[in-house]
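FYI, it's all coordinate maths here, none of it is from the lab. All of these numbers come straight from a predicted model, not from anything done at the bench. Using ideal geometry, Cβ is built from the backbone for each residue, glycine included, and neighbour counts are taken over all protein chains shown.
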Amino acid sequence: MSGTRSLCCRVNTATHVSAIFYLACNLLMGVDLIFGIIQGKEPFIISYTEQKPAHGRHVFDIGTNLITLALMSVSSVLVLISHCKGPLCIVPFGMFMCLDVALSLLSLFDAPWGLPGTPTYRNALRIAANLKGGVKLEGEELNRVTMIFGVLFVLYILLKVYMFQVAVRSFYALKQDWGDSVYRTDRNTVRVKLPSYDDALKMKAEAMPPAYQES
């Protein structure tokens, strides 16, 4: 089937690999979030502004991130069973990819925007500062971190766009496969036209089943 290949493999295979990768990332982020709660530290996947968040907002952010991670993981699992359940199972995964790209671009203007795990400039500065022993970055080091973040962010966006593209193509390829399967099933089905009630009354006696007689 033309148009069902992406790079070096079929779009269905690429979509399954993307779903497995997405599921693994979600599980790692979930572990990071849970360990952050247990140890009382700020999880890596939650970004805040310079001000320390209130307790209510902190609990709200953790709860919404856990729910979002669960939904993202479910969308990945649905892709893995799409061959058995139908092409509609790919739709949630594609929607999350599209939403991820949109919110990732919005996160450039405000850090709290974005799905869990979205790379933000504040996180990049925080990681770089921790590697330097908590020293604030300035001058050439700040420019280097900014450049590295810019390159990684563009690669992240391109990866999400690619995953969305293969998900859409896989949806249409699987939809066509399911349509062909239904068509072949319909062609192989034997249809029998039953006689009407009037025709049945006109049938010859020998064609009628024997009457029931008690012994």
Work out the P(r) tail for segment 65-113: percent of alpha carbon pairs separated by more than 14 Å, whole number. 57 percent
Added length on full extension, which subtracts the Cα-Cα distance from 0.36 nm per residue, Val17 to Arg126: 36.1 nm
To the nearest 0.05, how large is the calculated FRET efficiency for Met147 and Leu66 if R₀ is 25 Å and r is the Cβ-Cβ distance? 0.15
How do Tyr172, Tyr22 line up, fewest other C-beta atoms within 10 Å first? Tyr172, Tyr22
If you stretched the chain out fully between Val77 and Tyr172, how much longer would it get, using 0.36 nm times the residue separation minus the C-alpha to C-alpha distance? 32.3 nm
Around Asn143, with a cut-off of 15 angstrom between Cβ atoms, what is the net charge of the other residues, counting Lys and Arg +1 and Asp and Glu -1? 0
Please say if segment 113-167 is rounded, prolate or oblate, where rounded means a/c under 1.5 for a ≥ b ≥ c the square roots of the C-alpha gyration tensor eigenvalues, and otherwise the choice is prolate for a/b larger than b/c and oblate otherwise? prolate
Cβ-Cβ cut-off under 14 Å around Met97, Lys and Arg +1, Asp and Glu -1: the net charge is +1
What ranking do Thr146, Thr64, Thr120 get, fewest neighbouring Cβ atoms within 10 angstrom at the top? Thr64, Thr146, Thr120
When Ser104, Ser170, Ser75 are ordered from fewest to most other Cβ atoms inside 10 Å of their Cβ, what list results? Ser104, Ser75, Ser170
Could you estimate the translational diffusion coefficient of segment 11-171 from the Stokes-Einstein equation, with Rh from the Kirkwood formula over C-alpha pairs, at 37 °C and 0.692 mPa s, in whole µm²/s? 194 µm²/s
